[in-house]
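Working notes for the structure below.
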Amino acid sequence: ARMLLAEGAVLLPGFANARSQDLCTGILDISRQVPFRNMKTPGGRPMSVATTSCGACGWYTDQHGYRYVHTDPLTGKPWPEMPALFLDLAREAAAEAGYPDFSPASCLINRYEPGAKMGLHQDRDEDDLASPIVSVSLGVPARFAFGGLLKTDPVQRYDLLHGDVVVWGGVSRLAWHGVSPVRETFHPQTGAMRYNLTFRAINAAL
Ligand code: MD3
Ligand code: FE
């Protein structure tokens, strides 16, 4: 099934379901190489969401700002290679949404423990706004809010469930969005956690 959440935002409900157990195993495997950490925003506040990355570039934030980097500043090592399982899923979802040539260089892995949230923001560190972002939700559900091109535009809310994939292209690529505090509940594949994978094509000068 394919649902339009907003102009350019295509929801593929349960698209990752058949592969979800292997995706969760892949996340644990990556996190053994590059541990989840609560990065600090440029303002110095630790994020409630813990993150790690795989692929050629990883998203990073500290007192020097938001950016993509080839090596993990914490370990000095390159990010782990993007598993074929991850890349295939992202490319299939993008194709299903009308982007047959999607080639992500980065997969950001967000981990939400109960109470973790993400404030309203835009994703614009990629310098590639023609390519979509593909997001995959795993584990406990989250209430997601997305608005328009202005921070003050009204928001719609939607529950992102285990296995849901959303392709954010077109005008939705720059939509403001955020995640409400994750409630304390249980999922057999992730325990109390919610994971979100975001696949991104990067054009930033690294
Ligand atoms: C809409 N992650 O990592 S996924 C992020 O659930 C992020 O972890 C959220 O926002 C999460 O930047 C939301 C859905 C999502 C991802 C990227 C988008 C929606 C988006 C980019 C543009 C517009
Ligand atoms: Fe985002």
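The values are calculated or read from the model by the stated rules, or taken from the named source; none is laboratory data. Since this is a predicted model, take the numbers as computed values, not measurements. Note that each Cβ is placed from the backbone with ideal geometry, even for glycine, and that neighbours are counted across all protein chains shown.
Tally time: how many residues in region 168-203 are assigned to a loop (DSSP other than H, G, I, E, B) and within 17 Å of residue 135 (Cβ to Cβ)? Quick ask: steps written out before the conclusion?
Here is the first cut: in region 168-203, the residues assigned to a loop (DSSP other than H, G, I, E, B) are 169, 175-176, 180-186, 188-190, 192-193, 201-203.
With within 17 Å of residue 135 (Cβ to Cβ) added as a condition, the list becomes 169, 175-176, 180, 182, 190, 193, 201-202.
So the answer is 9.
Do any residues in region 107-135 that are in contact (Cβ under 8 Å) with a residue 60 or more places away in the chain and under 21 Å from residue 152 (Cα atoms) have Cβ atoms under 7 Å from those of residues that are among the aliphatic types (A, V, I, L, M) and near ligand 2 (Cβ under 10 Å from one of its atoms), where the two are at least six apart or on different chains, and which pairs are they?
From residues that are in contact (Cβ under 8 Å) with a residue 60 or more places away in the chain and under 21 Å from residue 152 (Cα atoms), the pairs are 117/179; 118/179; 123/133.
Determine which single condition residue 198 fails, assuming it passes every other condition in (1) within 15 Å of ligand 2 (Cβ to nearest atom); (2) out of contact with any Cys (no Cβ under 9 Å at 6 or more places or on another chain); (3) of a type in the set (Val, Ile, Thr).
It fails just one condition, (2).
Go through region 64-123 and give me each residue that's of a type in the set (Val, Ile, Thr) and within 18 Å of residue 160 (Cβ to Cβ).
First pass over region 64-123, keeping only residues of a type in the set (Val, Ile, Thr): 69, 71, 75, 109.
109 - this is the single residue of region 64-123 that is of a type in the set (Val, Ile, Thr) and within 18 Å of residue 160 (Cβ to Cβ).
Any residue at all in region 175-183 that is touching a residue at least 12 places away in the same chain (Cβ under 8 Å), closer than 22 Å to residue 21 by Cα and either buried (at least 21 other Cβ atoms within 10 Å of the Cβ) or within 12 Å of the chain's Cα centre (by Cα) (or both)? Explain how you work it out, then say what you get.
Of region 175-183, the ones touching a residue at least 12 places away in the same chain (Cβ under 8 Å) are 175-183.
Subset that is closer than 22 Å to residue 21 by Cα: 182-183.
When the remaining residues are screened for being either buried (at least 21 other Cβ atoms within 10 Å of the Cβ) or within 12 Å of the chain's Cα centre (by Cα) (or both), the result is 182.
For region 175-183, residues touching a residue at least 12 places away in the same chain (Cβ under 8 Å), closer than 22 Å to residue 21 by Cα and either buried (at least 21 other Cβ atoms within 10 Å of the Cβ) or within 12 Å of the chain's Cα centre (by Cα) (or both): present.
Hey, any hits in region 114-124 for a residue that's more than 16 Å from ligand 2 (Cβ to nearest atom) and in contact with a helix residue (DSSP H, G or I) (Cβ under 8 Å, 6 or more places away or on another chain)? Break it down stepwise before answering.
Going through region 114-124, the residues more than 16 Å from ligand 2 (Cβ to nearest atom) turn out to be 114-115.
So of that shortlist, the ones also in contact with a helix residue (DSSP H, G or I) (Cβ under 8 Å, 6 or more places away or on another chain) come out as none.
So far as region 114-124 goes, no, none of its residues is more than 16 Å from ligand 2 (Cβ to nearest atom) and in contact with a helix residue (DSSP H, G or I) (Cβ under 8 Å, 6 or more places away or on another chain).
Determine whether residue 95 is aliphatic (A, V, I, L, M) and touching a residue at least 40 places away in the same chain (Cβ under 8 Å). Before the answer, list the steps.
Values: aliphatic (A, V, I, L, M): yes; touching a residue at least 40 places away in the same chain (Cβ under 8 Å): no.
Judged against the criteria, residue 95 is not a match.
Quick one: in region 142-192, of everything that is acidic (Asp, Glu) and over 22 Å from residue 94 (Cα atoms), which residue is farthest from ligand 2 (Cβ to nearest atom)? Spell out the reasoning first.
Kept after step one, since they are acidic (Asp, Glu), are these residues of region 142-192: 153, 159, 164, 184.
Now narrow it down to the ones that are over 22 Å from residue 94 (Cα atoms): 153, 184.
Working: 153: 16, 184: 23 Å.
Among those that are acidic (Asp, Glu) and over 22 Å from residue 94 (Cα atoms), it is 184.
When you scan region 47-61, do you find a residue that is modelled with pLDDT of 95 or more, over 17 Å from the mean Cα position of the chain (by Cα) and surrounded by fewer than 19 Cβ atoms within 10 Å (Cβ to Cβ), even just one?
The first filter runs over region 47-61 and keeps only residues modelled with pLDDT of 95 or more, leaving 47-61.
Still in the running and over 17 Å from the mean Cα position of the chain (by Cα): none.
No: zero hits.
What about residue 139, is it under 27 Å from residue 57 (Cα atoms) and within 12 Å of ligand 2 (Cβ to nearest atom)? Break it down into steps so the answer makes sense when it comes.
Values: under 27 Å from residue 57 (Cα atoms): yes; within 12 Å of ligand 2 (Cβ to nearest atom): no.
No; evaluated as a whole, the condition is false for this residue.
Out of 88, 72, which single residue is farther than 24 Å from residue 183 by Cβ, in contact (Cβ under 8 Å) with a residue 12 or more places away in the chain and charged (D, E, K, R)? Don't jump to the end; show me each part of the working.
Working: 88 fails: in contact (Cβ under 8 Å) with a residue 12 or more places away in the chain.
72 is the lone residue from the list that is farther than 24 Å from residue 183 by Cβ, in contact (Cβ under 8 Å) with a residue 12 or more places away in the chain and charged (D, E, K, R).
Inside region 1-13, can you point out the residues that are within 16 Å of ligand 1 (Cβ to nearest atom) and out of contact with any helix residue (DSSP H, G or I) (no Cβ under 9 Å at 6 or more places or on another chain)?
The initial filter retains those residues of region 1-13 that are within 16 Å of ligand 1 (Cβ to nearest atom), namely 3-13.
Within region 1-13, 3, 4, 11, 13 qualify.
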